[in-house]
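**Q** This is the structure, below, for whatever I ask next.
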Amino acid sequence: MAVYIVGLLVLFFDQLTKFWVQKSMMPRDSIPLIPGVFHLTYVQNTGAAFGFLREKTLFFIAVAVLVLGFIIFLIPRLPRGNLFLRVVFGLLLGGALGNLIDRIRFGYVVDFLDFRIWPVFNIADMAIVVGVCFLVWEIWFRTPEGV
């Protein structure tokens, strides 16, 4: 159950913030919150991180569907007592769904969190990165019975 609660929370906040950005800003608009450090910058990203594979929307949709299928396949197989791992998979599920919805609806992903030293990203991206980092942590450093 924790997987789905976390996944739904990530999806809700991801889509809510993207909706707000699209209603409040024009593409490429930037609002400095901490000038030179953190801005809200509306970007329509047709690629992956760093603009990699730009305009390959169908490819990214197919990859996201495969990844989501794999996550959904693994969820019932996760150890019941490992809440950490269930939260990790919830982050991955919600993040993948959030960006998939954008790609299907718009043909691009709405990005807006801009730290100026890194490509602009969104809540779904954060959930995926944090989820992957925690998954690596779980696999490398936790006890074998935790995996």
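**Q** What whole-number value in Å² describes the accessible area per residue of region 1-78 for a 1.4 Å probe? Please list the in-between numbers first.
**A** Values: 5160 Å² over 78 residues.
With all protein chains present, region 1-78 gives 66 Å² per residue.
**Q** In addition: Give a residue-ordered list of calculated ³J(HN,Hα) values for region 89-102 (Karplus: 6.51 cos²θ - 1.76 cosθ + 1.60, θ = phi - 60°; whole Hz; x for Gly, Pro).
**A** Working through the residues one at a time gives 5, x, 4, 5, 4, x, x, 5, 5, x, 6, 5, 4, 4 Hz.
**Q** Under the rule of at least 5 residues apart or a separate chain, name every residue whose amide H is placed under 5 Å from the amide H of Asp29.
**A** Long-range HN contacts for Asp29: Tyr42.
**Q** Output wanted: per-residue J couplings in Hz (rounded whole) for region 55-61, from phi through Karplus 6.51 cos²θ - 1.76 cosθ + 1.60, θ = phi - 60°, x for Gly and Pro.
**A** 3J(HN,Hα) across region 55-61, in whole Hz: 6, 9, 4, 4, 4, 5, 5.
**Q** Still on this structure, I have one more. Give the calculated FRET efficiency between Leu74 and Leu16 to the nearest 0.05, with a Förster radius of 22 Å applied to their Cβ-Cβ distance. If you can, show how the numbers build up before the last one.
**A** Numbers: r = 27 Å, r/R0 = 1.23.
After rounding to 0.05, the efficiency reads 0.20.
**Q** So if I place +1 on the C-beta of Lys and Arg and -1 on the C-beta of Asp and Glu, and nothing else carries charge, what would the dipole magnitude of region 10-104 be about its Cα centre? I want it in debye, nearest 20.
**A** Using only the charged Cβ atoms, the result is roughly 220 debye.
**Q** Normalised by the residues of the chain, what does the relative contact order come to in percent, with Cα pairs under 8 Å and at least six apart? Walk me through the numbers before you get to the answer.
**A** Working: 206 pairs, mean separation 49.7, N = 147.
The value is 34 percent.
**Q** Another question, if that's okay. Could you work out what % of the accessible surface of the chain is carbon and sulfur, using a 1.4 angstrom probe and leaving DNA, RNA and ligands out of the count?
**A** 75
**Q** Once amide H atoms are built 1.01 Å from N in the peptide plane, which residues 5 or more positions from Phe38, or in another chain, come under 5 Å H to H?
**A** Amide H to amide H, under 5 Å and 5 or more residues apart or across chains, Phe38 pairs with Leu33.
**Q** For the chain, what does the helix formula give at 222 nm: sum of -39500 (n - 2.57) over DSSP H segments with n ≥ 4, over the residue count, nearest 500 deg cm²/dmol? It would help to have the intermediate numbers written out before the result.
**A** Values: 4 runs with 84 residues, N = 147.
Here the helix-only value at 222 nm equals -20000 deg cm²/dmol.
**Q** Residue-wise, which Karplus ³J(HN,Hα) couplings in Hz belong to region 129-139, taking 6.51 cos²θ - 1.76 cosθ + 1.60, θ = phi - 60°, and x for glycine or proline?
**A** 5, 5, x, 5, 4, 5, 5, 4, 4, 4, 5
**Q** Oh, and also: On each of the three principal axes of the Cα atoms of region 1-57, give max minus min coordinate, whole Å, ordered largest first.
**A** Extents along the principal axes: 40, 30, 23 Å.
The values are calculated or read from the model by the stated rules, or taken from the named source; none is laboratory data. Predicted, not measured: the structure shown is a model, and the values here were computed from it. Here Cβ is always computed from backbone atoms with ideal geometry, including for glycine, and neighbour counts include all displayed protein chains. Remember, those area values only see protein heavy atoms, side chains included, never the ligands or the DNA or RNA. Shrake-Rupley method; radii C 1.70, N 1.55, O 1.52, S 1.80 Å.
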